[in-house]
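K.L.:
Questions regarding the structure given below will be posed in turn.
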Amino acid sequence: MVIQIGSFMIPWYGLFIVLGIAAGIVLGYFLIRAEHLAFDDFIQTACFVGLGAMIGAKLLYLAVSWKYIDFSRLTDLEYLNALMGGGFVFYGGLIGGLIGLYLCGKILHIEVAQYARAAIPVIPLVHAFGRIGCSVVGCCYGMPYDGPGAIVYTESIAAPLDVHLFPVQALEAAGCFAITAVLCLYVSSCRKRGKRAKSVQLYLAMYAVLRFILEFARYDDAERGIEFGLSTSQWISIGICVALIVMEVRGRARGRTLSGVK
């Protein structure tokens with residue numbers, strides 16, 4: 001699905017990704033300036049994270065949908081272009097982005113943890129715009145649903161046509177905007193109190209819960225990889241929550257030990 005201006009065509013999804021990146025850069029500028037960090041280093045960090053996210057999102061998509069890939073057609077340039085051009089899994093992008101963040105710190109010797117804590121609201125903001133793009137083109141579509149807010153696609157490369165569907169993409173976009181707002185308020189509050197923000201952990205916890213719940217409303221099972229009744233993203237959400245709980249418990253136990261309380 002595209003916007004056509006004369007002979008020039010702009011894909012809807014690509015348009016919203018560009019808008020999300022632009023909004024993320026603007027928000028990142030104000031967040032970084034508020035923390036008195038270098039904006040140039042933020043841009044370099046964002047480039048590493050973005051590249052890692054793109055690679056990770058595509059690799060996880062290929063991993064969860066390999067059963068549906070026609071390997072005999074990989075030499076067909078049209079099929080290969082369609083395969084590589086569409087289909088991304090957000091959690092793969094998140095993992096790839098974290099790897100990119102680590103490599104940025106090692107290669108450019110930037111204190112990336114500071115930038116991650118300060119600018120983490122950028123991620124759900126960009127993600128929200130991406131989900132709006134999903135809603136427009138019909139990927140990541142919801143289950144059949146005939147209630148308020150239902151979406152009916154008459155043209156889509158992914159979603160079933162002329163079927164009332166649950167607006168799961170729009171709901172996730174709204175959730176990501178809400179997470180962005182909560183994180184901005186939290187980071188600001190920690191800065192004013194001189195407290196080290198656990199903004200990355202807060203983001204991961206909020207999004208993991210949101211994604212776990214919304215996965216039940218999705219209908220594109222072939223794209224998500226279902227194991228034991230749960231999607232790949234739901235299993236990752238569970239893993240994130242467990243890891244965060246373990247880290248918090250260990251951190252508090254270490255704090256009690258250092259303070260001499262047993």
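The values are calculated or read from the model by the stated rules, or taken from the named source; none is laboratory data. The shown structure was predicted, so the numbers you read here are calculated from the model rather than taken from an experiment. So basically every Cβ, Gly included, is an ideal-geometry build from the backbone, and we count neighbours across all protein chains shown. Calculation scope for accessible area: heavy atoms of the full protein, side chains included, ligands and nucleic acids excluded. Shrake-Rupley method; radii C 1.70, N 1.55, O 1.52, S 1.80 Å.
K.L.:
Going through the range 133-164 one residue at a time, which ones are closer than 23 Å to Ile17 by Cα and open to solvent by less than 30 Å² (accessible area, probe 1.4 Å)?
P.N.:
Gly133, Cys134, Ser135, Val137, Gly138, Cys140, Gly142, Tyr153, Ser156, Ala159, listed by residue number.
K.L.:
Can you tell me how many residues within the range 144-169 are modelled with pLDDT of 95 or more and under 21 Å from the mean Cα position of the chain (by Cα)?
P.N.:
Here the count works out to 4.
K.L.:
Please go through the range 44-73 and pick out each residue that is in a helix (DSSP H, G or I), farther than 14 Å from Gly93 by Cβ and open to solvent by less than 60 Å² (accessible area, probe 1.4 Å).
P.N.:
Matches in the range 44-73: Thr45 only.
K.L.:
Among the residues of the range 183-218, which ones are closer than 16 Å to His36 by Cα and either free of Cβ contacts under 8 Å to residues at least 60 places away in the same chain or open to solvent by less than 60 Å² (accessible area, probe 1.4 Å) (or both)?
P.N.:
Answer for the range 183-218, where residues must be closer than 16 Å to His36 by Cα and either free of Cβ contacts under 8 Å to residues at least 60 places away in the same chain or open to solvent by less than 60 Å² (accessible area, probe 1.4 Å) (or both): Cys184, Val187, Ser188, Ser189, Cys190, Lys192, Arg193, Gly194, Lys195, Ala197.
K.L.:
Looking at the range 101-116, is at least one residue part of a helix (DSSP H, G or I) and either touching a Cys at 6+ places or on another chain (Cβ under 6 Å) or modelled with pLDDT under 80 (or both)?
P.N.:
The answer is yes; a qualifying residue exists.
K.L.:
Okay, moving on. If we scan the range 172-182, do we find a residue that is of a type in the set (Asp, Glu) and under 23 Å from Ile21 (Cα atoms)?
P.N.:
yes
K.L.:
State whether the residues of the range 75-90 include one that is on the phi < 0 side of the Ramachandran plot and modelled with pLDDT of 80 or more.
P.N.:
Yes - at least one qualifying residue is present in the range 75-90.
K.L.:
Being hydrophobic (A, V, I, L, M, F, W, C) and either under 19 Å from Ala170 (Cβ atoms) or modelled with pLDDT of 90 or more (or both) is the filter here, so list the residues in the range 215-231 that pass it.
P.N.:
Correct list: Phe216, Ala217, Leu230.
K.L.:
When you scan the range 1-16, how many residues do you find that are at pLDDT below 90, touching a Phe, Trp or Tyr at 6+ places or on another chain (Cβ under 9 Å), outside any strand (DSSP E or B) and open to solvent by less than 60 Å² (accessible area, probe 1.4 Å)?
P.N.:
Of the residues in that region, 0 qualify.
K.L.:
Is there any pair with a first residue in the range 224-245 that is in contact (Cβ under 8 Å) with a residue 12 or more places away in the chain and a second that is open to solvent by 30 Å² or more (accessible area, probe 1.4 Å) and of a type in the set (Gly, Ala, Ser) whose Cβ atoms are under 6 Å apart and which are 6 or more apart or on different chains, and what are they?
P.N.:
From residues that are in contact (Cβ under 8 Å) with a residue 12 or more places away in the chain, the pairs are Leu244/Ala205.
K.L.:
Within the range 31-40, identify whether any single residue is of a type outside the set (D, E, K, R), at pLDDT 95 or above and crowded, with 22+ Cβ neighbours inside 10 Å, and answer yes or no.
P.N.:
Yes, some residue in the range 31-40 is of a type outside the set (D, E, K, R), at pLDDT 95 or above and crowded, with 22+ Cβ neighbours inside 10 Å.
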